[in-house]
Amino acid sequence: MIHEVIVTCRSQEGEDQIAPMGVVWRQGEVVIAPFRPSRTLDNILGGECAVINYCDDVRVFAGCLTGRYDWPLVEAEQVDAPRLVDALAHSEVRLLRVEEDQVRPRLICKPVYQANHRPFQGFNRAQSAVLELAILVSRLERLPAEKIDAEIAYLTIAIDKTAGEREREAWDWLMARVEAFQKQKEDAV
Ligand SMILES: Cc1cc2nc3c(=O)[nH]c(=O)nc-3n(C[C@H](O)[C@H](O)[C@H](O)COP(=O)(O)O)c2cc1C
């Protein structure tokens with residue numbers, strides 16, 4: 001089972017990094033799997049720690065894919081990394097070992113501290129739709145145009161019926177990216 005989270009970490013030079021990642025929990029350990037090249041990978045290898053943020057503000061996911069990285073951060077409690085202020089909960093983790101891979105190494109980490117900050121509000125279809133569109137945006141180059149159009153048509157239903165302001169804003173950022181990509185492709189023809 002893959003959980004879509006926001007991973008925050010810090011470089012050896014003290015620069016904070018924030019990235020959506022899909023993580024897998026395996027017997028009390030969490031696996032973070034960044035594709036090379038990756039700042040998250042470099043930072044976790046360097047600092048041997050990170051924070052897994054459980055966040056229902058989908059603007060953070062959409063923002064990181066569209067150049068908006070300025071989300072409020074505070075220091076984690078037990079590791080040298082920041083955490084998202086607006087996360088519902090977070091886990092601070094330390095690197096245990098690395099499963100090497102040329103394309104996508106696996107960073108096996110163990111939680112050392114966890115905290116809850118806000119209650120989970122229940123599932124929201126528009127939030128899921130934004131996440132799906134974010135993943136689609138991260139693969140635009142590799143997907144056929146008809147698939148992109150068909151998926152967006154389907155996901156739009158959940159946005160129209162169930163979105164709040166945050167979800168609409170996130171959706172609009174991602175759609176602007178899709179439209180710019182489509183225009184660029186048309187202009188190239
Ligand atoms: C929902 C979601 C899940 C993602 N999961 C991963 C992942 O598991 N591994 C990865 O390398 N990139 C993943 N990405 C893409 C990264 O967030 C994106 O490429 C980011 O810029 C990587 O930053 P980095 O240079 O610190 O690795 C995901 C994106 C989204 C929207």
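The values are calculated or read from the model by the stated rules, or taken from the named source; none is laboratory data. Note that the coordinates shown come from a computational prediction; the quantities given were computed from them, not determined experimentally. Every residue, glycine among them, receives a Cβ derived from its backbone with ideal geometry; neighbour counts consider all protein chains shown. All accessible areas refer to the heavy atoms of the entire protein, side chains included, with ligands and DNA or RNA removed. Shrake-Rupley method; radii C 1.70, N 1.55, O 1.52, S 1.80 Å.
Test of the criteria: in region 91-144, which chymotrypsin sites (Phe, Trp or Tyr not before Pro) are in a DSSP loop and have at most 15 other Cβ atoms within 10 angstrom of their Cβ? Passing both the DSSP loop test and the Cβ count: Phe120, Phe123. Here the accessible area is traced with a 1.4 Å probe on the protein chains. For the chain, carbon and sulfur cover 49 percent of it.
How large is the helix-only mean residue ellipticity at 222 nm for the chain, computed as the sum of -39500 (n - 2.57) over DSSP H runs with n ≥ 4, divided by its residue count, in deg cm²/dmol to the nearest 500?
The helix contribution divided over the chain gives -12500 deg cm²/dmol.
Whole-Hz Karplus values for region 98-109 come out as 10, 9, 5, 7, 5, 9, 9, x, 10, 9, 8, 10 Hz, taken residue by residue from phi with 6.51 cos²θ - 1.76 cosθ + 1.60 and θ = phi - 60°; glycine and proline positions read x. Long hydrophobic helices in the chain: the complete DSSP H runs spanning 20 Å or more by Cα along their own axis with mean Kyte-Doolittle hydropathy of at least -0.5 are 145-162. For region 1-122, the residue among Val74, Phe35, Ala115 whose Cα projects farthest onto the positive side of the dipole built from Cβ charges is Phe35. Rolling a 1.4 Å probe over the heavy atoms of the protein chains gives the chain an accessible area of 56 Å² per residue.
The packing ranking, built from the mean of other Cβ atoms within 10 Å per residue, places the peptides 61-72, 139-150 in the order 61-72, 139-150, highest first. Placing unit charges on the Cβ atoms only, positive for Lys and Arg and negative for Asp and Glu, gives region 1-139 a dipole magnitude near 420 debye about its Cα centre. Calculated on the alpha-carbon coordinates, the convex hull of region 125-188 measures out at 70 cubic angstrom per residue.
Applying the criteria of a DSSP loop state and at most 15 other Cβ atoms within 10 Å to the chymotrypsin sites (Phe, Trp or Tyr not before Pro) of region 141-189 yields no site. Placing one equal scatterer on every Cα of the chain and applying the Debye formula, the log10 ratio I(q)/I(0) at q = 0.10 Å⁻¹ is -0.43. Are there GluC sites (Glu not before Pro) in region 1-105 that DSSP marks as loop and that have at most 10 other Cβ atoms within 10 Å, and which are they? Taking region 1-105 and a limit of 10 other Cβ atoms within 10 Å, the loop GluC sites (Glu not before Pro) found are Glu13, Glu15, Glu100. Separation of region 13-60 and region 68-140, taken as the distance between their Cα centroids, equals 6 angstrom.
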